[in-house]
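> Quick one: structure below, then a few questions.
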Amino acid sequence: MRILIITTDLNVLEEGSEKQKQILKYGTMLEILHVIVFTKKKSDYSVKKIADNIWIYPTNSLTPINFIGDSIDIARINAVWKNRVQIDVVIGEDPFEAGFAAWQIARKSGRPLLLQVFTDFFTPKFYKKDFLNKIRFWFAKFILSKADCVAVFSESMKEKIILNKINLKNKIEIFPSYTDMDSINKGPSNFDIHKKYPQFNFILIINPHSYLKEELEFTIKILKEVVKKHPRVGAIFIGDNEKFNIIEKMLVENQLLMNVFIETNPVDVIPYYKTANAFFIPFTHEESESSLIEAVACGCPIVCCDSAITSKYVEDNVNGFVCNKDDDDCFKKSIINLLGNNMFRTQIRVNATGFVEEYISKKKEEYLQEIGNLWEKCRLMRK
């Protein structure tokens, strides 16, 4: 199969980046892979051939206005040979500018269009951010209606597209997810959370994806009870969460400002998981899975609720403790058990290495197979 991808991710040009590694994995399944990336002329990037069958073309556009036109020109010059289109599927990595360029190329070449949606543009946080995002919001709804197939990051995103009456019928698929756990497990840590917070002898990491107010209250309640018995226990909330201001008020009300801290959008979360004493996840939502995988890969002991997500990665008393949802006594005892058991924490890190080796051998093959199936299904849409 021959694929053309339009992207705005400049990391695709950087050797050794996760994005370029992803493209190289894709290339192992394809006859030809062309990637066009939006770049400005002053960046002065050049065409790269990163494998025998993979070419990356920077647009080197004079202004952002020229990105789309330049992408179309590059596709016309490089994806057509002997008057025949040498691509089977055109992929836009977003439903915005890249998606529009991909749509134009697909329309002109008569090839199927696959759009990827990894940003929830239906949230007020997105379309109220600035005027450009408001335009992108309406733009995305239009471009998606032109797609032959759409890949989204979650079931909830699929439901939002359907609820917004975008005419896609049975064209929406959940994009397979894959985390390179081996790289995470073996990679170095550029800082130690204990050196940043030397006042604590035990540190919990919490990434409160989509937590409801009552879930945050429950989490704070557990922390308060643990800290009351062990004053040198600390907790760090990390991530991008619009409820962080609510959490801060709860910390004030519960007199936890000296033991619980908030860090918004750390550049790299991996060192937090690698050097913390435990990852605390009392509730799970769709977005929780990626953080849980990262924490497990880092060998961080897990204290979590029993759910469909956690059951895939956490085994009770092997790489963490699993409690029934809302069992505050179990959560509290599990954290305290970890606190006083250095040997168990060390064993968990050993167990994590074995889990990662088993996971990557199976999941990588499954992931690539699912991606290939998605492309093949889209290719047949225009047959």
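The values are calculated or read from the model by the stated rules, or taken from the named source; none is laboratory data. As the structure is a prediction and not an experimental result, all values here were calculated from the model. Positions of Cβ are backbone-derived with ideal geometry, glycine not excepted, and every protein chain shown enters the neighbour counts.
> Looking at Ile184 and the list (1) buried (at least 16 other Cβ atoms within 10 Å of the Cβ); (2) part of a loop (DSSP other than H, G, I, E, B); (3) modelled with pLDDT under 85, which single condition is not satisfied?
Condition not satisfied by Ile184: (2).
> Which of the residues spanning the stretch 40-58 are among the small types (Gly, Ala, Ser) and within 16 Å of Asp70 (Cα to Cα)? Don't jump to the end; show me each part of the working.
First, pick out the residues of the stretch 40-58 that are among the small types (Gly, Ala, Ser): 43, 46, 51.
Correct list: Ser43, Ser46.
> A further question on this structure: Only one of (1) modelled with pLDDT under 90; (2) under 25 Å from Phe142 (Cα atoms) fails for Val85. Which number is that?
With (1) modelled with pLDDT under 90; (2) under 25 Å from Phe142 (Cα atoms) applied to Val85, the lone miss is (2).
> I've got another one for you. Of the residues that sit in the stretch 66-106 and are part of a helix (DSSP H, G or I) and acidic (Asp, Glu), which one is farthest from Ile32 (Cα to Cα)? Even if it seems obvious, please write down each step before you answer.
If we filter the stretch 66-106 for residues that are part of a helix (DSSP H, G or I), which is where we start, we get 66-78, 97-106.
Checking which are acidic (Asp, Glu) leaves us with 70, 73, 97.
Working: Asp70: 21, Asp73: 19, Glu97: 24 Å.
Filtering the stretch 66-106 for residues that are part of a helix (DSSP H, G or I) and acidic (Asp, Glu), the one farthest from Ile32 (Cα to Cα) comes out as Glu97.
> Given the criterion among the hydrophobic types (A, V, I, L, M, F, W, C), at pLDDT below 85 and farther than 25 Å from Glu289 by Cα, identify the matching residue among Leu132, Leu113, Leu168, Leu144.
Details: Leu132 fails: at pLDDT below 85; Leu113 fails: at pLDDT below 85; Leu144 fails: at pLDDT below 85.
Sole residue among the options that is among the hydrophobic types (A, V, I, L, M, F, W, C), at pLDDT below 85 and farther than 25 Å from Glu289 by Cα: Leu168.
> Here's another thing I want to ask about it. From the set of residues in the stretch 192-222 that are of a type outside the set (Val, Ile, Thr) and touching a Gly at 6+ places or on another chain (Cβ under 6 Å), which is farthest from Asn277 (Cα to Cα)?
Of the residues in the stretch 192-222, the ones of a type outside the set (Val, Ile, Thr) are 192, 194-202, 204, 207-218, 221.
Next cut, touching a Gly at 6+ places or on another chain (Cβ under 6 Å) only: 197, 200, 207.
Details: Tyr197: 13, Phe200: 11, Asn207: 14 Å.
Filtering first and then ranking leaves Asn207.
> I've got another one for you. I need the full set of residues from the stretch 75-95 which are of a type outside the set (S, T, N, Q) and more than 25 Å from Gly372 (Cα to Cα), in order please. Walk me through it before giving the result.
So in the stretch 75-95, the residues of a type outside the set (S, T, N, Q) come out as 75-77, 79-82, 84-85, 87-95.
Passing the criteria: Ile77, Lys82.
> I would also like to ask the following. If a residue counts only when it is under 21 Å from Gln347 (Cβ atoms) and not assigned by TED's automatic domain parsing to the domain that holds Ser154, which strands (runs of 3 or more DSSP E) contained entirely in the stretch 222-322 have at least 2 such residues?
Passing ranges, in order: 278-281, 302-305.
> Would you check if Tyr57 is of a type in the set (Phe, Trp, Tyr), under 26 Å from the mean Cα position of the chain (by Cα), not assigned by TED's automatic domain parsing to the domain that holds Gly187 and not in a helix (DSSP H, G or I)? Walk me through it before giving the result.
Values: of a type in the set (Phe, Trp, Tyr): yes; under 26 Å from the mean Cα position of the chain (by Cα): yes; not assigned by TED's automatic domain parsing to the domain that holds Gly187: yes; not in a helix (DSSP H, G or I): yes.
Taking the combined requirement at face value, the residue satisfies it.
> Condition test on Val252, is it of a type in the set (A, V, I, L, M) and either crowded, with 20+ Cβ neighbours inside 10 Å or under 26 Å from Asn317 (Cα atoms) (or both)? Break it down stepwise before answering.
Working: of a type in the set (A, V, I, L, M): yes; either crowded, with 20+ Cβ neighbours inside 10 Å or under 26 Å from Asn317 (Cα atoms) (or both): no.
So Val252 fails the test.
> Now, a different point. Please work out if Thr275 is of a type in the set (S, T, N, Q), in contact with an Asp or Glu (Cβ under 9 Å, 6 or more places away or on another chain) and buried (at least 18 other Cβ atoms within 10 Å of the Cβ).
Yes, satisfied.
> Which of the residues spanning the stretch 255-272 are of a type in the set (Ser, Thr, Tyr) and crowded, with 18+ Cβ neighbours inside 10 Å? Walk me through it before giving the result.
So the first thing to find is which residues in the stretch 255-272 are of a type in the set (Ser, Thr, Tyr), and the list is 264, 272.
Listed by number, the list holds a single entry, Tyr272.
> Restricting to the stretch 301-319, give me the number of residues that are of a type outside the set (A, V, I, L, M), under 24 Å from Lys221 (Cβ atoms) and surrounded by fewer than 24 Cβ atoms within 10 Å (Cβ to Cβ). Steps first, answer last, please.
First pass over the stretch 301-319, keeping only residues of a type outside the set (A, V, I, L, M): 301, 304-307, 310-313, 315-317, 319.
Within this subset, residues satisfying the condition of being under 24 Å from Lys221 (Cβ atoms) are 301, 304-307, 310, 316.
Cutting the leftovers down to surrounded by fewer than 24 Cβ atoms within 10 Å (Cβ to Cβ) gives us 305-307, 310, 316.
The total comes to 5.
> Please work out if Trp55 is aromatic (Phe, Trp, Tyr) and touching a Gly at 6+ places or on another chain (Cβ under 8 Å). Please lay out each step first, then the result.
On the way: aromatic (Phe, Trp, Tyr): yes; touching a Gly at 6+ places or on another chain (Cβ under 8 Å): no.
Answer is no for this residue.
> Can you tell me how many residues in the stretch 189-226 are surrounded by fewer than 20 Cβ atoms within 10 Å (Cβ to Cβ) and either among the small types (Gly, Ala, Ser) or in contact with a strand residue (DSSP E or B) (Cβ under 6 Å, 6 or more places away or on another chain) (or both)?
The qualifying residues number 3.
> Need the failing condition index for Ser288 against (1) surrounded by fewer than 14 Cβ atoms within 10 Å (Cβ to Cβ); (2) of a type outside the set (A, V, I, L, M); (3) over 15 Å from Ile203 (Cα atoms), just the number.
It fails just one condition, (1).
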